[in-house]
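The values are calculated or read from the model by the stated rules, or taken from the named source; none is laboratory data. Note that the structure is predicted; figures quoted are calculated from it, not measured. For neighbour counting, all protein chains shown are included, and Cβ atoms are generated from backbone atoms with ideal geometry for every residue, glycine included.
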Amino acid sequence: MLPRQRGKIKKVETINRLKDILKAGESVSVEFKSEPKEPLSDREIYENIVCLANTSGGVLLIGVENDGTVTGARPRHGSSTDPFKLQAAIFNNTSPAINARVSTHEVEGKAVIAIEVGAYPEICATKEGKCLRRAMTTSGPECRPFYPHEHTSRKSDLGLVDYSAQIPEGVSWADIDPLEIERLRQTIRGRRGDEVLLSLDDRQLAQALRLVESRGGDLLPNVAGLLILGREEILRRSVPAHQVAFQVLDIKGDVVVNDWFYSPLLKTLEAIEERFRARNGEKEAVIGMLRLPIPDYAPVAFREAVNNAVLHRDYARLGATHIQLHADHLLFTNPGGFLEGITLNNLLTHEPKPRNPILAEAFRRIGLVETTGRGIDKIYFGQLAYGRPLPDYSQSDKDTVRLLLRGGDASLEFSAFVYEQDKAGTPLGLEDLLILNQLQHERRADMQTLEILTQRGESHARAIVERLVERGLVEAKGEKRGRVYHLSARLYKIFGGAAGYVHAHGIDPIRQEAMILEYVEAHGRITRGDAMDLCSLKGDQASNLLRRMTKAGKLKLHGSRKNAYYEKA
């Protein structure tokens with residue numbers, strides 16, 4: 001967002017930020033409007049602000065061509081533009097009233113009006129009743145009509161409505177399948193769900209899980225009730241968005257298996273897990289007399305990923321949930337982006353926020369998902385415990401969540417180490433694994449990297465990594481402010497990479513001094529550049545080492561600056 005101008009320094013920062021936006025071009029959150037012949041109408045401004053507020057918020061820049069060229073904004077109040085008057089006009093002509101931020105700027109001698117708005121927690125319209133939202137089209141981002149039937153999805157994104165609690169038209173208790181009620185009971189027993197539910201009759205069971213509502217003397221199933229207990233033909237009619245595809249693709253990308261499911265969720269999940277289990281290969285790690293099976297993909301991570309996909313998808317939006325097994329990765333996709341407030345940077349720390357609360361609560365009581373609602377932790381743990389890369393959500397956007405789990409060869413040594421720690425009564429937590437996995441793949445990490453990785457702030461990340469240092473699993477190098485962490489010699493030895501430890505840890509300071517003295521003995525003198533090459537040091541590190549050896553009486557400095565060199569004292 002563009003901060004309002006306050007003083008000379010702030011103005012420079014604002015212009016620089018404005019130039020960055022102009023350079024990046026239009027997007028879902030940025031709109032350019034030019035005024036070649038006459039000022040942009042007030043109505044058009046209100047519509048564009050509503051459009052941004054109904055999407056993800058953003059900024060409207062007036063006086064800019066579509067390609068980012070600044071042509072200048074015309075004054076709106078006599079000979080100038082009063083930001084406060086324009087702000088008040090937007091506030092009074094939108095419903096609910098939108099409190100935008102308005103500022104004026106000068107770029108290359110031409111005026112630009114910037115109007116910023118955040119994403120609103122409810123659906124907005126102009127006072128004339130026009131409702132729009134921003135969307136990507138083949139010709140680029142633009143404002144499009146925001147139709148009433150699309151409002152449910154938006155409210156679901158904002159957490160304002162539970163679509164799974166809606167009662168479809170024309171349904172009744174007769175649409176509940178007795179076989180699915182029996183499957184529900186078996187699932188509760190098998191997954192150790194809430195055993196109190198088993199003592200209830202069929203109708204009481206559905207009521208206890210809030211899968212039905214009492215109306216006019218009958219029990220009517222809601223969307224969650226149909227998804228769990230409904231007959232397939234009723235599901236297809238009343239919840240047409242419910243589709244789950246399990247696909248297997250070969251190394252060329254050709255589809256080998258293409259199974260589509262429209263049946264109730266418990267039946268669908270059983271079928272998908274059966275197909276996955278048949279294709280999930282295993283290797284073995286030998287620990288003493290024990291052979292530890294290492295699957296291609298952690299079953300618990302797969303199960304939680306599938307559950308998340310069907311629980312958090314947007315059932316008001318057409319499109320299937322896809323589970324694709326590729327040659328070297330698993331890809332899960334489901335319609336509906338992250339809920340408001342959840343981003344890639346807080347996935348591990350944001351409190352649970354289900355899109356379909358009644359459906360999620362039923363899954364929890366049945367025993368299908370974590371009672372804490374933190375199934376994502378199991379997805380991460382399942383990947384990291386086998387030394388594989390982090391789960392990847394980076395391909396997600398506002399309309400779809402995409403999760404990629406990489407397969408391929410696991411680190412058998414890392415898997416065995418995690419298992420041994422657990423058996424020894426010193427288990428590794430998720431945050432421990434996050435850090436160890438980072439150091440295993442990237443060799444070293446500074447505190448800023450670990451802070452981003454753990455998503456909990458510097459003090460928390462420091463406490464975790466220092467605990468690993470105390471356990472002898474991680475070593476620190478450098479001063480506190482610039483400290484860098486890497487795996488300990490013990491772990492490098494366990495993982496079969498002793499040479500990697502030397503590369504990560506660097507050459508010991510005592511050995512560095514010995515190498516410097518040996519060099520001087522052989523060549524008579526040494527420069528800072530020689531020391532940098534000899535000991536693989538940076539310039540300031542080499543200077544500090546030579547200065548320290550001179551102070552200790554081991555070397556003698558001759559010359560200064562570029563002409564400086566050192567001889568044996």
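Of all residues in the range 164-196, which are modelled with pLDDT under 95, within 19 Å of Leu266 (Cα to Cα) and crowded, with 18+ Cβ neighbours inside 10 Å?
Ser164, Gly193
If I filter the range 382-395 down to residues being buried (at least 20 other Cβ atoms within 10 Å of the Cβ) and not charged (D, E, K, R), which single residue comes out as nearest to Gly336 (Cα to Cα)?
Among those that are buried (at least 20 other Cβ atoms within 10 Å of the Cβ) and not charged (D, E, K, R), it is Pro391.
Within the range 451-463, restricting attention to residues that are surrounded by 15 or more Cβ atoms within 10 Å (Cβ to Cβ) and either under 16 Å from the mean Cα position of the chain (by Cα) or not assigned by TED's automatic domain parsing to the domain that holds Gly482 (or both), which residue is nearest to Leu347 (Cα to Cα)?
Gln455
So, in the range 420-448, how many residues would count as being farther than 24 Å from His329 by Cβ and in a helix (DSSP H, G or I)?
8
Can you report the number of residues in the range 293-322 which are in contact with a helix residue (DSSP H, G or I) (Cβ under 6 Å, 6 or more places away or on another chain) and over 24 Å from Arg191 (Cα atoms)?
4
Within the range 105-123, how many residues are touching a Ser or Thr at 6+ places or on another chain (Cβ under 6 Å) and in contact (Cβ under 8 Å) with a residue 60 or more places away in the chain?
2
Mind checking whether some residue in the range 388-397 is touching a helix residue (DSSP H, G or I) at 6+ places or on another chain (Cβ under 9 Å), farther than 22 Å from Asp432 by Cα, touching a residue at least 12 places away in the same chain (Cβ under 8 Å) and not assigned by TED's automatic domain parsing to the domain that holds Glu451?
No, there is no match, as no residue in the range 388-397 is touching a helix residue (DSSP H, G or I) at 6+ places or on another chain (Cβ under 9 Å), farther than 22 Å from Asp432 by Cα, touching a residue at least 12 places away in the same chain (Cβ under 8 Å) and not assigned by TED's automatic domain parsing to the domain that holds Glu451.
For the range 356-371: of the residues being assigned to a loop (DSSP other than H, G, I, E, B) and at pLDDT 90 or above, which is surrounded by the fewest Cβ atoms within 10 Å (Cβ to Cβ)? Steps first, please.
Residues of the range 356-371 that are assigned to a loop (DSSP other than H, G, I, E, B), as a first pass: 356, 367-371.
Narrowing the set further to residues that are at pLDDT 90 or above leaves 356, 367-368.
Numbers: Asn356: 25, Gly367: 18, Leu368: 24.
Step by step, filter the range 356-371, then rank; the result is Gly367.
Quick check: anything in the range 471-489 surrounded by 13 or more Cβ atoms within 10 Å (Cβ to Cβ), closer than 30 Å to Asn544 by Cα, touching a Gly at 6+ places or on another chain (Cβ under 9 Å) and modelled with pLDDT of 90 or more?
Within the range 471-489, not a single residue is surrounded by 13 or more Cβ atoms within 10 Å (Cβ to Cβ), closer than 30 Å to Asn544 by Cα, touching a Gly at 6+ places or on another chain (Cβ under 9 Å) and modelled with pLDDT of 90 or more.
Report, by residue number, each residue of the range 95-125 that is surrounded by 15 or more Cβ atoms within 10 Å (Cβ to Cβ) and either more than 22 Å from Gly63 (Cβ to Cβ) or at pLDDT 95 or above (or both).
Hits for the range 95-125 are Ser95, Gly118, Ala119, Tyr120, Ile123, Cys124, Ala125.
Restricting to the range 529-540, and then to whatever is of a type outside the set (A, V, I, L, M), assigned to a helix (DSSP H, G or I) and surrounded by fewer than 18 Cβ atoms within 10 Å (Cβ to Cβ), can you tell me which residue is modelled with the lowest pLDDT? Quick ask: steps written out before the conclusion?
Initial filter on the range 529-540 (of a type outside the set (A, V, I, L, M)): 529-530, 533, 535-536, 538-540.
Next, from what is left, pick out any that are assigned to a helix (DSSP H, G or I): 529-530, 533, 535, 539-540.
With the extra rule that they be surrounded by fewer than 18 Cβ atoms within 10 Å (Cβ to Cβ), the set shrinks to 529, 533, 539-540.
Working: Gly529: 88, Asp533: 79, Gly539: 82, Asp540: 83.
Ranking the qualifying residues of the range 529-540, first place goes to Asp533.
Does Leu348 satisfy the criteria of being among the aliphatic types (A, V, I, L, M), outside the structural domain of Asp397 (by TED's automatic domain parsing) and either touching a Leu at 6+ places or on another chain (Cβ under 9 Å) or free of Cβ contacts under 8 Å to residues at least 24 places away in the same chain (or both)?
yes
Can you tell me which of Val239, Val306, Val310 is surrounded by 20 or more Cβ atoms within 10 Å (Cβ to Cβ) and outside the structural domain of Leu404 (by TED's automatic domain parsing)? Steps first, please.
Values: Val306 fails: outside the structural domain of Leu404 (by TED's automatic domain parsing); Val310 fails: outside the structural domain of Leu404 (by TED's automatic domain parsing).
Only one candidate passes the filter, namely Val239.
Please give the helices (runs of 4 or more DSSP H) falling wholly within the range 207-320 in which 3 or more residues are small (Gly, Ala, Ser) and under 28 Å from Glu370 (Cβ atoms).
On the way: elements: 223-229, 232-238, 265-279, 299-311.
Ranges flagged: 299-311.
Contact list please: Cβ distance under 6 Å, first residue in the range 53-66 and outside any loop (DSSP other than H, G, I, E, B), second residue surrounded by fewer than 23 Cβ atoms within 10 Å (Cβ to Cβ) and among the small types (Gly, Ala, Ser), pairs at least six apart or on different chains.
Matching pairs, first to second residue: Gly57/Gly118; Gly57/Ala119; Gly58/Ser29.
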